[in-house]
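Inspection log for the structure reproduced underneath, given as C-alpha cells.
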Amino acid sequence: MLSLGTRLIRFLYNNNTLAQAKRVATHCVIAGLVMGISHHSFAEESIWYKSGDPLNTQIDTLPKVPTEYMGQATPCAPLDLDHPLTLAEVADSSLCNNPQTQELWASTRAQAAQLGIAKSAYLPSVNNSISTNGNVGRPESDSRSNPYFNLSNNIAASYLLYDFGNRNATLENARQLLLAASASQNSTIQTVLLSATTAYYQVQANLAALDAAKQAETASLESFKAAEARYKAGVATPADKLQAQTAYAQLTLTRITSEGNLQIAYGNLANVMGLSANQKITLEATRYQTPPNILENVNSLITQAGARRPDLIASEAQLKAAQASIDANKAAAKPTISVGLSNQWQDGNSLSSSNNSTLGLTVSIPLFAGYAPSYRIRAAEAQADLRAAQRDRLKLQISLDVWSAYQNLRTAIESVTASQVLVQSAEESYRLNLGRYKAGLSNIIDTLNAQTALASAQQQKIQASLNANIARATLAQAMGALDSAMIQSFPTTNLTELSP
C-alpha cells in the first residue's frame, strides 16, 4: 500500500495538488487501519482477546440452574405439554424458562468475568505502537527522495512487582462478589420454585373449588325442584320457591366465577413457567397430605436457616468483599514498583534509522491527590458498615420468616383436620334438612341455610388444604431448603379426595 501511495502522492504533487496528496495519504493510512481492525472485530477470537477462559474463572461452566434444584434426569429437557404435568415438571420448566433465572445466571457470569479482570493484574502487559507519516519537502533535497516517509515501531512490556497488596485485595473482592452472585442466584431459584409451587397448588385448589361449586349448584337445583314440587302440590308458598330459585341462581354465579378464577390460575402458572399465558396446560391430580415430621422444634429450624439461607450467604460474602475493598483502597494510596522492557525502531527513508532497547525499574510514589484517597477509604469503610448492618437485619428477618412460616404451617395442618370435621357435619345437616323439607317437617329457610353452610365448609376445606401445601413450601424456602428433593416429596395423588 505504501508504494502505491507514494506513486499517487508523487503524481498529485507533480500536478501541483499538494492538498489532494495529503488527503489521499491520510485516507490510505485510515483505510489500512480499518481493514486490519475490521478483520477481527466480529470474530470469536482474535490477537487481542480470547473466547475461552484462560484464567480459569469457570465463566463457561457456571450452571444456569444448579443440579440440586433440577428434578429431571435431563436438565431443561423439552416439556411435553400434551400430557398432565407433575409438580416436579412444573418446577423444572419454571427454572429453565423463567426470565428471573436467566437474569441471575447472566449476572453471575458477569461477576466471573470481573474475577478474570482481577486475575489479569498478576500478568505482564505488552503494547506495540506503529506510526508512519508522509512528507513533502520544499525545496527538495538531494540527500532524500521527495516525497519521503518515516516509519517507527515501539514495543513495550511492563510488570507490576509490588503494590502493597492492592492486587490481592482486589482479587479477594472479586472472589467474594462472585460468591455473593452465586448465592443470590440460588436465592432467586428458590423464590421461583416457591412461586411455581404456589401457582401449581393454586390451580389444583381452583379445580377443586370449581368441582365443589358444581356440586353445590347441583344440590341447590335439587332444593329448588323440591320447593317447586311442593309449591305445585299446594303445600308450599311462592316465597319458598322463589327463595330456592334465588339460592340456585347465586350458586350458578359462584360456579361461573370459579371457572374464571381457574383460567386466571392457569395463566399465572404458565407465566411462572416462562410460557405464554394462553398456553394450554393440564396437571396431574393431587391432594393434600399431612407431611410427616415437618413440625420439628422451631428453634432448630431457625438455626438451620441461618446456615442454609442463600441470601444470608450472599450478604456475608458482600460484607467480606466490602472489607477487601477497604484494603484495596488503602493499598492504592501507596507506592508501586514496576519493571519495564521496551524496544524502539525507526526508519527515516534511508536518511536516518535507529534501534534502541530499554530495561528499567519504575517506582511510582503518590505524593498528593487532593485527599481523594482518604475519602475513598472512608467511603469503603462506610460501605462495609452498611453491609454489616444489612447482614444483621437479614439474620433477624430470617428468624421471623421461619417463625411465621412454622406457625402458618401448624395452623394450616390443624385447619385441615378441623375443616374435614366441618364438612362431614355440614353434609349430614344438609341431608337431614333436605329430607325433612321434602317430608314437610321443616321450612325452606332451614334447608337453604344448611345448603349454604355446606358450600362454605367445602370451600374452607379446599382453602385449608391449599394453605397447608403452600405453607410447607414456604417453610422450606424460609429455611433455604427448597430444592428438587423437597419438591418431589410434595403430594401428587388423587384430586377427588380434596374436593367434597
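With respect to Ala317, is the statement that it is crowded, with 19+ Cβ neighbours inside 10 Å, modelled with pLDDT of 90 or more and not polar (S, T, N, Q) true?
Spelling it out, Ala317 is indeed crowded, with 19+ Cβ neighbours inside 10 Å, modelled with pLDDT of 90 or more and not polar (S, T, N, Q).
With the structure loaded, tell me whether Ala174 is in a helix (DSSP H, G or I), closer than 30 Å to Lys241 by Cα and out of contact with any Cys (no Cβ under 9 Å at 6 or more places or on another chain) or whether it fails that test.
no
Pick from Ala110, Ala118: which is under 14 Å from the mean Cα position of the chain (by Cα), modelled with pLDDT of 90 or more and closer than 23 Å to Gln318 by Cα?
Ala110
Report every pair of residues separated by at least 6 positions or lying on different chains whose Cβ atoms are under 9 Å apart, first residue within the range 372-392 and touching a residue at least 24 places away in the same chain (Cβ under 8 Å), second surrounded by fewer than 13 Cβ atoms within 10 Å (Cβ to Cβ).
From the range 372-392, the pairs are Pro373/Pro366.
Please go through (1) free of Cβ contacts under 8 Å to residues at least 12 places away in the same chain; (2) within 28 Å of the chain's Cα centre (by Cα); (3) assigned to a loop (DSSP other than H, G, I, E, B) for Val65 and return the number of the only condition it doesn't satisfy.
(1)
Please work out which residue is surrounded by the most Cβ atoms within 10 Å (Cβ to Cβ), limiting yourself to the range 359-393 and to residues that are out of contact with any Leu (no Cβ under 6 Å at 6 or more places or on another chain) and charged (D, E, K, R).
Arg376
Could you tell me how many of the residues in the range 36-79 are under 23 Å from Ser120 (Cβ atoms), among the aliphatic types (A, V, I, L, M), surrounded by 11 or more Cβ atoms within 10 Å (Cβ to Cβ) and modelled with pLDDT of 70 or more?
3
Out of Ser125, Ser107, Ser129, Ser93, I need the residue that is under 16 Å from Leu193 (Cα atoms) and among the small types (Gly, Ala, Ser). Which one?
Result of the check over Ser125, Ser107, Ser129, Ser93: Ser93.
Quick one: which of Arg230, Arg255 is in a helix (DSSP H, G or I), modelled with pLDDT of 90 or more, at negative phi and in contact with an Asp or Glu (Cβ under 9 Å, 6 or more places away or on another chain)?
Answer to the check: Arg255.
May I ask you to verify whether Val90 is among the hydrophobic types (A, V, I, L, M, F, W, C) and over 24 Å from Ser184 (Cβ atoms)?
Considered against the rule, which asks whether it is among the hydrophobic types (A, V, I, L, M, F, W, C) and over 24 Å from Ser184 (Cβ atoms), Val90 comes out as no.
Pairs needed: first member in the range 261-280, of a type outside the set (A, V, I, L, M); second member anywhere, at pLDDT below 95 and exposed (fewer than 13 other Cβ atoms within 10 Å of the Cβ); C-beta distance under 6 Å; at least 6 residues apart or different chains.
Hits for this filter: Gly267/Ala277; Asn271/Ala277.
Going by what's in this entry, would Ala208 be described as crowded, with 24+ Cβ neighbours inside 10 Å, of a type in the set (A, V, I, L, M) and out of contact with any Leu (no Cβ under 9 Å at 6 or more places or on another chain)?
Against the criterion (crowded, with 24+ Cβ neighbours inside 10 Å, of a type in the set (A, V, I, L, M) and out of contact with any Leu (no Cβ under 9 Å at 6 or more places or on another chain)), Ala208 does not qualify.
Can you pull out the residues in the range 80-97 that are polar (S, T, N, Q) and surrounded by fewer than 23 Cβ atoms within 10 Å (Cβ to Cβ)?
Thr86, Asn97, listed by residue number.
Do we find a residue being touching a helix residue (DSSP H, G or I) at 6+ places or on another chain (Cβ under 7 Å), crowded, with 17+ Cβ neighbours inside 10 Å, in a strand (DSSP E or B) and modelled with pLDDT under 95 anywhere in the range 181-197?
no
Looking at the range 435-457, which of its residues are in a helix (DSSP H, G or I) and on the phi > 0 side of the Ramachandran plot?
none
Does Asn329 satisfy the condition of being under 27 Å from Arg376 (Cα atoms) and either out of contact with any strand residue (DSSP E or B) (no Cβ under 9 Å at 6 or more places or on another chain) or outside any helix (DSSP H, G or I) (or both)?
Here the answer is yes, as Asn329 does meet what is asked.
Select from the range 211-247 the residues that are crowded, with 18+ Cβ neighbours inside 10 Å, farther than 30 Å from Ala468 by Cα and of a type in the set (D, E, K, R) and list them in ascending order.
Within the range 211-247, Arg230, Asp240, Lys241 qualify.
In the range 143-170, what count of residues is obtained for those that are part of a helix (DSSP H, G or I), surrounded by 20 or more Cβ atoms within 10 Å (Cβ to Cβ) and not polar (S, T, N, Q)?
Final tally of qualifying residues: 1.
Against the condition among the aliphatic types (A, V, I, L, M), part of a loop (DSSP other than H, G, I, E, B) and surrounded by fewer than 12 Cβ atoms within 10 Å (Cβ to Cβ), how does Leu396 come out, does it pass?
no
Do we find a residue being under 39 Å from the mean Cα position of the chain (by Cα) and farther than 28 Å from Arg230 by Cα anywhere in the range 421-429?
no
The values are calculated or read from the model by the stated rules, or taken from the named source; none is laboratory data. Owing to the predicted nature of the structure, the values given are computational and were not obtained by experimental measurement. Glycine gets a Cβ as well: all are built from the backbone with ideal geometry, and neighbour counts include every protein chain shown.
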